[in-house]
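Bear in mind that the values in this text are calculations on the coordinates, not laboratory data. These figures come from a predicted structure and were not determined experimentally. So basically every Cβ, Gly included, is an ideal-geometry build from the backbone, and we count neighbours across all protein chains shown.
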Amino acid sequence: MRSRFYLIVLTMVGLVTLVSVAAAQKDQGKELKAAVDRIDDAAEVVTGVMKIAEKSIPRDLLQKANAIVVFPGALKGAFIVGGQGGKGVAVRRIGKGWSAPAFVNMAGGSIGPQIGGQKTDYIMLIMNEKGLMGLLEDKFELGGEGSVAAGPVGRTTAASTNTTLDAEILTYSRSKGLFAGVALKGVVISQDHSMNQAVYQKPVKEILGNPPIPSTDAPRSLQKLSDTLGMYMR
């Protein structure tokens, strides 16, 4: 009788374990699909911005950037008190290529006479080692820990001011088809722990740190952003 009882208990434990594993795999599948969608959206933002050379990010800046962060379709809204937030992707330079993508979030706010809402694409160029180290932290405030400036547009940066070129982070935005440099201060970049865990089982510091994970080590479905950036580095 007792052995039968133990058998029933073990069977129930096994069923619960199987259900838990199946649920975890389903959740991970959702995260992986969301990761691919985010990568694809980020790659489309870069393509859309770079296709008009006279109004694009200067290629010599792309050549110098230590890392690039893209937030496709970030939400920005306000009614007296404004706020913005989005989910993005960060890649770090490795030689002439890029690292595997790490997943990050952004959030920020402002107070003043404002009303309305829109979706905005943001691109951030991390220009030096100090800016890169900030990106590896759990939370990093633009204009706080890291100096930030509106990035120049056009074929080259020859006519840009030293202030712009000395900034740790150059920022750009695109909304309603208009693309320009923007002084994006007061925005906090944080790690998307759940997505990085689902894809890599690692935090941003290990994905983009020393040494970073090469893009070729990421699943092929997550290499579109690095492939797209590579097109504009030749």
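Below is a table of values for the structure above.
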| read-out | value |
| --- | --- |
| Cut-off 11 Å between beta-carbons: net charge of the residues surrounding residue 177, Lys and Arg +1, Asp and Glu -1 | +2 |
| Reachable lysines from residue 96, criterion Cα separation under 29 angstrom, eight or more residues apart if same chain | 33, 51, 55, 64, 87, 130, 139, 202, 205, 224 |
| Whole-angstrom Cα spans of region 25-69 along principal axes, big to small | 45, 22, 9 |
